[in-house]
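Trainee: Please read through the structure below; I'll follow up with questions.
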Amino acid sequence: MIGLLGGTFNPPHNGHVALARAAEEELGLADLVVLVAERPGHKEVDLDAPTRLRLARAAFPGRRVELDEHERTVDMLRDRRFDEAVFLIGADEFCDFLDWKDPNGVLELAPVAVAARPGYPRERLDRVLERLDRPDRVRFFELDPVPIASREVRERVASGESIGDLVPPAVAKEIGRLNLYRR
């Protein structure tokens, strides 16, 4: 099975890497494809796609890291047609899954594996499951808490603080080398 991990990766951080590793272990993935959203339909990004792609490649060495030109996940899945793929997301993102473009269409094209940290409120996840046509296409796996947001990384860089505990060393090096997120 191939794991698909999509996002803006503005920048990629240790939480993204931990989710990928936990999915590989828990789901027995044969491969992982990291999909960097070129023009995400759900949020503004301040870095161009090639730069975010470069950062994602630094965060996921030895993995397939590709640019995704689709604005929405369901469109990417319809177009790309990955065989035996599972789409990976975190629990907080799953709580917003019903707001995605055609969430039931996503589930028809690929099952979704949701990483939830221990103690995550199951009732929040169940409220989403109840409203899906195919809740059987959603699988949960446990992820040790890694409370990091890309926004925090950007804020620390802008204020001259260290990000060594938030991102892989290769990502920190690229951010410094390219002089990213500075005020």
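Trainee: Which of LEU107, LEU143, LEU132 ends up with the largest GNM mean-square fluctuation for the chain, with Cα atoms connected below 10 Å?
Mentor: LEU132
Trainee: 5 Å is the cut-off here: which amide hydrogens, built 1.01 Å from N in the peptide plane, fall below it relative to ALA85, excluding neighbours closer than 5 in sequence?
Mentor: ILE2
Trainee: Rounding to the nearest 10 and keeping the result within 0 to 90°, find how far the Cα-based axis of helix 14-27 lies from the longest principal axis of the chain.
Mentor: 30
Trainee: While we're on this one: Considering the chain as a Gaussian network with a 10 Å cut-off on Cα pairs, which listed residue, ALA110, ALA85, ALA30, attains the greatest mean-square fluctuation?
Mentor: ALA30
Trainee: What is the set of long-range amide H partners of LEU32 at a cut-off below 5 Å, with H atoms built 1.01 Å from backbone N?
Mentor: Counting only residues 5 or more places away or on other chains, the set is GLY3, ARG64.
Trainee: Now for a separate question. If the elastic network links every pair of Cα atoms under 10 Å, which of ARG63, ARG127, ARG52 fluctuates the most in the Gaussian network model of the chain?
Mentor: Result for the chain, Cα springs under 10 Å: ARG127 fluctuates most.
Trainee: Still on this structure, please answer the following. Show me, for the range 150-158, the HN-Hα J-couplings you get by feeding each phi into the Karplus relation (A = 6.51, B = -1.76, C = 1.60, θ = phi - 60°), rounded to Hz, glycine and proline as x.
Mentor: 4, 4, 4, 4, 4, 5, 5, 4, 4
Trainee: Nearest 10 degrees, 0 to 90: what angle lies between the long axis of helix 49-59 and the longest principal axis of the chain (Cα atoms)?
Mentor: Here the helix axis deviates by roughly 90 degrees.
Trainee: Now for a separate question. Apply the Karplus curve 6.51 cos²θ - 1.76 cosθ + 1.60, θ = phi - 60°, to the phi angles in the range 95-106 and return the couplings in whole Hz, x for Gly and Pro.
Mentor: 4, 9, 4, 5, 8, 5, 5, 6, x, 5, x, 4
Trainee: May I ask you to derive the relative contact order of the chain, considering only C-alpha pairs under 8 Å and at least 6 residues apart, and to give it as an integer percent?
Mentor: 26
Coordinate-derived values only; no laboratory data. Keep in mind that this is a model prediction, so the values were computed, not measured.
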